[in-house]
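No lab work stands behind these numbers, since they all come straight from the coordinates. These numbers come from a predicted model, not from an experiment. Neighbour counts are summed over all protein chains in view; Cβ atoms, including those assigned to glycine, are modelled from backbone coordinates with ideal geometry.
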Amino acid sequence: MALSRKSIRSRREFLLKIVIAAVLVGALIAFSRWYFYDRDWVTTDNAFITGNIIPVQADATGVVAAVLAEETQLVKKGDVLVRLDGQRARAALAQAEAELGRAVRSVGALYAQRRQVCQKVISRAALRDRTRHDLARYREATLSGAASRQVLQNTEDQLAALEADLREAQAEYQSVEARVVGVTRMNHPDIEAAKARYNDAYVEFVRQNIRAPATGYVA
């Protein structure tokens, strides 16, 4: 009987040690999990996350034609959020494009006119020089009686008319040259002004689409 009680007591102590060891091992495992994995986690039912809020503003005025993004929707940078009615901007862009085309053609015609007037000046100067040479010969011939004074007078009148025509052509050339001097065809002020108007119209047309400035959620 005494042996039986001693055996029971030993068994109880053994089981108690097992339970204590299991509790210690469980506590050690729980502490290790908390220390290495869970200590930086916070659980709450009422949390707020701070972040960057980027306001979206339209750079153009107009009537909203379509809203293409909803609240809490994920959008990427450059996605169209709102589209304005772009009829007026489209018409202004078409007009600016037409004006740029006219300016290019007008300046091209101006350079062509300068070439033509330059050829006119060269041609009339050559004719004037030949007439001067003829007049000098006729004067010598008149002194010797080989040419009549009428021929001399006609040549003098012709030379005067040619010199007047040459002065007129030179004045025309100077007028055209003043509009193109110091510039090339592509950087002519008329074309530059038309290009500036076209760029302004194009920017206004592009602004009819309001795009996301960054990737994020619509708030």
Crossing angle, helix 189-206 versus the chain [Cα axis fit, 0-90 degrees, rounded to tens]
30 degrees
Can you give me the angle between helix 87-144 and the longest principal axis of the chain, using Cα atoms only, in degrees from 0 to 90, rounded to the nearest 10?
30 degrees
What's the extension gain from Val63 to Arg90 if we count 0.36 nm per residue and subtract their Cα-Cα distance?
8.3 nm
Two pseudo-spin positions, 7 Å from Cα along C-beta at Val181 and at Ala112, lie apart in nanometres by 2.5 nm
Residues of segment 71-87 with amide N under 15 Å of the 7 Å Cα→Cβ point at Val218:
71-84
List the relative contact order of the chain as a percent without decimals, with contacts defined as Cα pairs under 8 Å and 6+ residues apart.
39 percent
Starting with the fewest neighbours, write out Ile18, Ile53 ranked by other beta-carbon atoms found within 10 Å of each beta-carbon.
Ile53, Ile18
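Using the Cα atoms of the chain to build a convex hull, what is its mean projected area in square nanometres?
On the way: hull surface 112.9 nm².
Mean shadow area of the hull around the Cα atoms is 28.2 nm².
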Within 10 Å of each residue's Cβ, count the other Cβ atoms and sort Phe36, Phe205 from fewest upward.
Phe36, Phe205
Using only Cα atoms, tell me the angle between helix 2-33 and the longest principal axis of the chain; keep it within 0 to 90° and round to the nearest 10.
10 degrees
Using the 10 angstrom Cβ neighbour count as an exposure proxy, how do His133, His188 rank, fewest first?
His133, His188
FRET efficiency (Thr142, Gln174; Cβ distance; R0 35 Å; to 0.05) is 0.40
Quote to one decimal, in nm, the extra length available between Ala22 and Gln153 on full extension: 0.36 nm per residue of separation minus the C-alpha distance between them.
33.1 nm
